[in-house]
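Chemist: One structure is given below, represented as structure tokens, and several questions about it will come after.
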Amino acid sequence: MPQFPYSATSAASNPPKARPSVALQVTPVYSSSSDPLSESTAQIISAYRNRYASYLAASFNISLEATQLETDFQLAPRRASQFSEADAYRS
């Protein structure tokens, strides 16, 4: 029988000793609204922007400030339009 680099015992008989935990870094966001839902959404958006900027900085070996500017540009709200994308391709 070949040698396996892992344990042949079942996972149920060998439970993990410590439960993994998730740590979220939340940056303070200043919202003009006092609505808790909009504050929560603003915090989620801010955290996503920071993680995306950190990912770009690590992936392309550029400064965090440059990636934050790029993130702001890429994730900026789009202009409203009278036409849907499908309508634009039909004409």
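Chemist: If you take the residues in the range 72-87 that are loosely packed, with under 10 Cβ neighbours inside 10 Å, at pLDDT 80 or above and part of a loop (DSSP other than H, G, I, E, B), which one is farthest from the chain's Cα centre (by Cα)?
Modeler: PRO77
Chemist: Right, another one. Is there any pair with a first residue in the range 60-88 that is in contact (Cβ under 8 Å) with a residue 12 or more places away in the chain and a second that is surrounded by 10 or more Cβ atoms within 10 Å (Cβ to Cβ) and hydroxyl-bearing (Ser, Thr, Tyr) whose Cβ atoms are under 7 Å apart and which are 6 or more apart or on different chains, and what are they?
Modeler: From the range 60-88, the pairs are THR71/TYR52.
Chemist: Let me ask you something else. Out of the residues in the range 9-67 that are among the charged types (D, E, K, R) and not in a loop (DSSP other than H, G, I, E, B), state the one that is modelled with the lowest pLDDT.
Modeler: GLU39
The values are calculated or read from the model by the stated rules, or taken from the named source; none is laboratory data. Since the structure is predicted, the reported quantities are computational estimates derived from the model, not experimental observations. For neighbour counting, all protein chains shown are included, and Cβ atoms are generated from backbone atoms with ideal geometry for every residue, glycine included.
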